[in-house]
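The block underneath contains the structure these notes are about, expressed in structure tokens.
The values are calculated or read from the model by the stated rules, or taken from the named source; none is laboratory data. All values reported here derive from a predicted model rather than from experimental measurement. Quick reminder, even Gly has a Cβ in these numbers, built from the backbone with ideal geometry, and neighbours come from all protein chains shown.
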Amino acid sequence: MIDPYLAVALQTKVKHVKTRNEVQVNLDHIGNMIEMVTHMCSLELPVRLIALGEGAIQGFVDEILDMNQAEYAKTMAAEIPGPETDFLGKLAKEKGTYIIGQLKEKLPEYKDRFFNTIFIIDENGDVIYKHHKNIVVFVEHSTTPHDVYDQWVEQHGDSIEAFFPVAKTPIGNIAGTVGVEGSFPESFRAFALNGAEILYRASLPEPWVSREIFEVQNRSRAIDNTAYMIAPNTGSLIMPSESGGDPTIIDGALGGRSSIIDYKGTILSQTDTVGDAYTASEINIEALRHYRQNARFQNWIPYLKTEIFKKLYDRPIWPSNLPPMNHDDAGNVFNDSIKKLIKSGIYTEKSKK
């Protein structure tokens, strides 16, 4: 039996950094916050899961500076396991908690590329899970498994597990992703069909938080799959001055509103703070499993009629096996995809003047 416990969505400010050595300032800040939240929250129940926002460690320098993949892989990208996860692993072991977070990672099999990787560290301090983000928008420069599809399938196979892995742990089955991949219901349905009970989705920037898109999507993914959702955002973004003056602190850059949502889509806890903050809530895996086995409504997976959906994805839209791209390159691929959608009749072209 899994006793109820607390999960924490940790929302931390991020200092903009340009080299891998500089990330320690963000790690130290995360460590200080973990010290505080585990002390405070464990007054109620044990803290067994801590979730970090996207960019909490490395920031978003590749996107902000439009860096090419080879440059970022050389100067910033991490290895997992590596110093960053070793630092967090010591905290996980000391506090007896799991930590889920994100790093941009280089893999030796893919020269001059990096991936946006979600990792889970267990209570022994070991990395037990990695998911490589499958969908990015044009301002993101990370490689996805789809960009190296043929090689990825050769190495990992073509199963759901190859693209949407799930960590089966003593505190529940955990999986998730970050950013815009959370805008695709298919991604979280794939995690759920691979056994996920706790979903992770971090983060979105403004203005898509104040427009409530972050909340709506996260609640929807929980409802769709009868699963908990832990959705930490990132806090303030600190941009150093190029002239040596005071840094620019953008409190609302990522919008905040970190939350934890239950398997019925109810917001259990949420913070309205846009800087450093956290929100915590009870996770009851046994109650979720009971609900999944008994609820006849708002328990949708048992009703899936998979045969009628098979043909939805027969036709490719975004091309696979793409080279590393910058903003302009990805923008050109996007425009080509729009033309393809119009030509196929999926989109209807606007009226010409």
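Considering (1) acidic (D, E); (2) without any contact (Cβ under 8 Å) to a residue 60 or more places away in the chain; (3) not in a loop (DSSP other than H, G, I, E, B), the lone condition that D246 does not fulfil carries the number (3).
Give the residue that is farthest from A287 (Cα to Cα), with candidates limited to residues of segment 301-316 that are assigned to a loop (DSSP other than H, G, I, E, B) and at pLDDT 95 or above. Residue satisfying both the conditions and the ranking: K305. Evaluating K18 against the criteria (1) charged (D, E, K, R); (2) outside any helix (DSSP H, G or I); (3) more than 26 Å from T248 (Cβ to Cβ) leaves one unmet condition, (3).
Highlighted here are the helices (runs of 4 or more DSSP H) found entirely within segment 31-149 that include at least 1 residues which are farther than 23 Å from I283 by Cβ and aromatic (F, W, Y): 69-75, 83-95.
Residue count for segment 321-353 under the criterion of being under 24 Å from E71 (Cβ atoms), among the polar types (S, T, N, Q) and in a loop (DSSP other than H, G, I, E, B): the result is 2. Taking the criterion of being out of contact with any strand residue (DSSP E or B) (no Cβ under 6 Å at 6 or more places or on another chain) and free of Cβ contacts under 8 Å to residues at least 60 places away in the same chain, the residues of segment 30-43 that qualify are I30, N32, E35, M36, H39, M40, S42, L43.
Would you confirm whether any residue within segment 34-43 is surrounded by 23 or more Cβ atoms within 10 Å (Cβ to Cβ) and of a type outside the set (G, A, S)? Yes: segment 34-43 contains one or more residues that are surrounded by 23 or more Cβ atoms within 10 Å (Cβ to Cβ) and of a type outside the set (G, A, S). When we screen I135, I128 for residues that are surrounded by fewer than 22 Cβ atoms within 10 Å (Cβ to Cβ) and closer than 15 Å to G179 by Cβ, the only hit is I135.
Residue pairs whose Cβ atoms lie under 8 Å apart, separated by 6 or more positions or on different chains, with the first residue in segment 150-162 and more than 21 Å from G176 (Cβ to Cβ) and the second at pLDDT 95 or above and aromatic (F, W, Y), are Q151/Y110. Among residues that are closer than 18 Å to S258 by Cβ, hydrophobic (A, V, I, L, M, F, W, C), over 14 Å from the mean Cα position of the chain (by Cα) and crowded, with 16+ Cβ neighbours inside 10 Å, A196 is not included. Across segment 273-300, the number of residues qualifying as closer than 30 Å to S42 by Cβ, modelled with pLDDT of 95 or more and either part of a helix (DSSP H, G or I) or among the polar types (S, T, N, Q) (or both) comes to 11.
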